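Read the structure below first, then the notes.
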Amino acid sequence: MRTPRVLALGMTMLVLLGACSSTGATSAPTTAPSAEPSAMASEAPSAAPSEAAKAPIRIGSDNFYESKLMGEIYAQVLEHAGYTVERKFGLGSRQERIPTMDAGQIDLVAEYVGSGLGFYDKTKISGDGQANADALQAEIKSKGLTVLGISPGQDTNAFVVRSDTSTSMNLTKMSDLAAVQDQIKWGLPSDCDTNPLCAGALKDYGINYPPKQRTALGACDVPMAQALQGKAIDLAELCSTQPAIAQFGFVSLDDDKKTQPAENIAPIVRDDYLAKVDKAAFQKLLDDASAKVTTEALTTMGVDVAVNNKDVGEVAKAFLKAQGLVK
């Protein structure tokens with residue numbers, strides 16, 4: 001999915017983390033040798049291991065609700081395990097967020113592995129989420145970044161039209177668009193020009209990019225769906241789990257050329273942050289979390305946020321509690 005577009009925390013994990021963060025001091029001998037207080041103090045550790053094992057973390061997100069939701073889910077899981085989290089949500093599109101992470105201003109972000117890979121090399125994307133994650137890891141390894149485990153759920157890019165437009169123009173698949181492209185009012189993300197899975201995909205379908213009638217709106221966000229429903233635009237690029245598609249009866253056009261990749265979600269973490277913590281324990285928290293994020297769960301939470309106007313933090317908390325991941 002774009003920007004454009006793991007979570008189980010069991011009590012056993014908490015016990016393990018608690019064990020790892022203990023000072024590990026040995027018992028004093030029955031008969032202690034005499035020593036000056038200053039000498040005894042010099043033998044004490046300078047910092048408790050628990051402080052180093054749970055370094056504060058900065059979590060970022062792109063500027064649409066699902067990216068913020070996933071960031072919030074990861075944030076709450078880590079907070080429940082004792083980490084201090086600084087939220088830096090709504091950084092912009094992938095094109096804006098990646099330089100922010102490269103500069104070391106955030107430590108973790110939830111990424112859609114297909115679009116993330118496509119940002120670096122569109123020729124390597126596929127319909128296999130794990131293959132996309134592995135290829136993305138190869139692309140960003142030299143930048144000091146690590147891709148953790150992927151979610152079973154995914155959210156792909158979707159080009160959608162109203163049902164009346166689908167009927168009147170006989171649009172059921174992306175290949176149908178080329179013949180009527182100049183009759184359509186296009187709603188496209190502001191980063192479409194530089195996104196190979198947006199502008200590049202349209203060109204693959206014979207669309208003269210940029211289209212003549214084009215409105216730039218935030219990707220996968222409520223205003224894009226509202227503009228389509230209100231007939232300000234005739235076609236919008238949304239996200240496949242976006243509740244507005246079902247809510248308004250929009251028609252998702254079939255990607256018959258298979259231009260869009262599998263879009264499972266995974267945290268990307270800076271290696272310099274992982275060096276500050278118990279990497280195995282940290283990764284297990286997030287891998288277990290991501291394992292609970294299904295496509296159905298993404299859609300259900302999207303309804304709560306985008307349709308029922310619930311707070312992202314409350315929606316994330318309710319999901320985590322239902323999964324038994326937090327109290």
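The values are calculated or read from the model by the stated rules, or taken from the named source; none is laboratory data. Since this is a predicted model, take the numbers as computed values, not measurements. We place every Cβ from the backbone using ideal geometry, glycine too, and count neighbours over all the protein chains shown. Note: areas computed on protein heavy atoms with side chains; ligands, DNA, RNA excluded. Shrake-Rupley method; radii C 1.70, N 1.55, O 1.52, S 1.80 Å.
List pairs: first in the range 77-98 and under 25 Å from Ala219 (Cβ atoms) and assigned to a loop (DSSP other than H, G, I, E, B), second open to solvent by 50 Å² or more (accessible area, probe 1.4 Å) and at pLDDT below 95, Cβ under 7 Å, 6+ apart or cross-chain?
So the pair list comes out as Gly90/Asn63; Leu91/Asn63; Gly92/Asn63; Ser93/Asn63; Ser93/Ser190.
How many residues does the range 133-168 contain that are under 21 Å from Glu66 (Cα atoms) and assigned to a helix (DSSP H, G or I)?
Of the residues in the range 133-168, 2 are under 21 Å from Glu66 (Cα atoms) and assigned to a helix (DSSP H, G or I).
Out of curiosity, is Val85 surrounded by fewer than 20 Cβ atoms within 10 Å (Cβ to Cβ), farther than 19 Å from Ser190 by Cα and of a type in the set (Val, Ile, Thr)?
yes
Let me spell it out: the conditions are (1) at positive phi; (2) touching a Lys or Arg at 6+ places or on another chain (Cβ under 7 Å), and Gly206 meets all of them except one. Which number is the exception?
(2)
Answer with yes or no whether Ala225 is outside any strand (DSSP E or B), open to solvent by less than 10 Å² (accessible area, probe 1.4 Å) and of a type outside the set (Ser, Thr, Tyr).
yes
Looking at Thr294, Thr299, Thr259 in this structure, which one is under 15 Å from the mean Cα position of the chain (by Cα), at pLDDT below 95 and under 20 Å from Asp155 (Cα atoms)?
Thr299
Restricting to the range 134-156, name every residue that is closer than 24 Å to Ala244 by Cβ, open to solvent by less than 20 Å² (accessible area, probe 1.4 Å) and in contact with a Phe, Trp or Tyr (Cβ under 9 Å, 6 or more places away or on another chain).
Passing the criteria: only Asp155.
Can you say whether Lys327 is outside any helix (DSSP H, G or I), more than 20 Å from the chain's Cα centre (by Cα) and on the phi < 0 side of the Ramachandran plot, as far as the supplied structure shows?
yes
Taking the condition of being under 21 Å from Ser252 (Cβ atoms) and out of contact with any Ser or Thr (no Cβ under 9 Å at 6 or more places or on another chain), how many residues in the range 138-175 meet it?
Looking only at that region, the number is 10.
Hey, any hits in the range 259-267 for a residue that's out of contact with any Leu (no Cβ under 6 Å at 6 or more places or on another chain), among the hydrophobic types (A, V, I, L, M, F, W, C), surrounded by fewer than 18 Cβ atoms within 10 Å (Cβ to Cβ) and on the phi < 0 side of the Ramachandran plot?
No.
Tell me, which residue of the range 103-133 that is open to solvent by 40 Å² or more (accessible area, probe 1.4 Å) and within 16 Å of the chain's Cα centre (by Cα) is nearest to Gly92 (Cα to Cα)?
Phe119
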